């Protein structure tokens, strides 16, 4: 009897599976992140289907590995780890993909040869068929019990324990939120139109959305490619998470409190790439001051180039009021920079608050890295504080939900710096901490994000 099944469809699924397995090998064996893949292996992430499958597998990698391992008679050899990845991909697809189970299984079997493991066809076929008999289909909504189990299983044990210790009343909800897809939030470019005007353009294009409390924030009902948005190439908007859109208005609030309105403010964005907060700050400065100086630094030349491209698309560059330099904020020399009235330090961190957007974090982050980050963050504060004028404000932020990178850093710096005065800081969502303010993925529409503000007292 002739097989009437759609072979071309199975080949397409196999190609997605193969590229996902290759990405997993880079992440898990070479410890390379999604940014590295986008830059160095763009062909593995070029198609929406490739990105969707990889991100989904990364979110549920640990739970699916647990399921697969339970059915293996003995562990696979380390040199055959690619087959383990293939089995995990297949297990994920059986639960979450809309393709028929036979197509998923057959395409996994067919992927063995291109992955240089033709001997594994029987193993892959047998194990996935066993999994299929006990796996609910995608149309079967997960139960609360399943969601709860996945919330814990899809985080490494040390991270799950840390989340439970830090957020004992909402740990499960927080880990569930990390397994969801993140919302897509826009910032209307305030120098070219009002938010209402851009909202009208979205409505004309049939793009469903809602506005938020920030003056420029718009959340799309369904994410879509940024380049397909109305007037994207003309710079009408930028993609920027809601939690990050608090930075520029909050720094401006502190700046207006301390700044002589007759004097042009000098402001620094100390870790400026990829540019979302920088150009939001630029728009806010344009609205509040006739003239100003805005400095931006980053220590990677490629990120400076990318940042500049963003500014040009938005129509904010070139501008004599903006000075962008490739400098390392942790190793500043005398004469590198002037003295500033306000400094924004979006410090390098674990990114733990963005696991919905960057699911590789849960597989790459280690407790040791948290310690390394906190040491760097403290060094950045020490360096930049020397460039802040008396009476000036430093706004510290991270996209982390861990105290080791947030309150503990601010408290350590404050204890060693007598002129560092904590400022009261409150946002429209999130919660107060001992030294600042914490947003979480469980807060409506936001990533995990932390803010703290310090004013430099005049010791004269």
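The values are calculated or read from the model by the stated rules, or taken from the named source; none is laboratory data. Note that this is a predicted model, so its numbers are computed, not measured. Backbone-built Cβ (ideal geometry, glycine too); neighbour counts: all protein chains shown.
Structure notes:
- For region 374-402, the set of residues classified as part of a loop (DSSP other than H, G, I, E, B) and surrounded by 21 or more Cβ atoms within 10 Å (Cβ to Cβ) consists of 399, 400, 401, 402, listed by residue number.
- Any hit, region 130-145, residues being part of a helix (DSSP H, G or I), buried (at least 21 other Cβ atoms within 10 Å of the Cβ), modelled with pLDDT of 95 or more and in the same structural domain as residue 52 (by TED's automatic domain parsing): yes
- Within the set 38, 31, the sole residue that is surrounded by fewer than 18 Cβ atoms within 10 Å (Cβ to Cβ) and at positive phi turns out to be 31.
- Criterion applied to 257, 234 was being outside any helix (DSSP H, G or I) and surrounded by fewer than 21 Cβ atoms within 10 Å (Cβ to Cβ), and the one residue passing it is 234.
- Residues located in region 110-129, provided they are closer than 15 Å to residue 80 by Cα and either part of a helix (DSSP H, G or I) or touching a strand residue (DSSP E or B) at 6+ places or on another chain (Cβ under 8 Å) (or both): 111, 118, 119, 120, 121, 122, 123, 124
- Residues in region 303-335 that are free of Cβ contacts under 8 Å to residues at least 12 places away in the same chain, closer than 25 Å to residue 375 by Cα and touching a helix residue (DSSP H, G or I) at 6+ places or on another chain (Cβ under 9 Å): none.
- In region 49-59 there is no residue matching the filter, namely being part of a helix (DSSP H, G or I), closer than 17 Å to residue 125 by Cα and free of Cβ contacts under 8 Å to residues at least 40 places away in the same chain.
- When we screen 62, 39 for residues that are assigned to a helix (DSSP H, G or I), assigned by TED's automatic domain parsing to the domain that holds residue 118 and at pLDDT 95 or above, the only hit is 62.
- Hey, residue 159 over 19 Å from residue 310 (Cβ atoms), touching a residue at least 40 places away in the same chain (Cβ under 8 Å) and surrounded by 13 or more Cβ atoms within 10 Å (Cβ to Cβ) or not: yes
- Any hit, region 240-252, residues being more than 28 Å from residue 385 (Cβ to Cβ) and either surrounded by 20 or more Cβ atoms within 10 Å (Cβ to Cβ) or touching a residue at least 60 places away in the same chain (Cβ under 8 Å) (or both): yes
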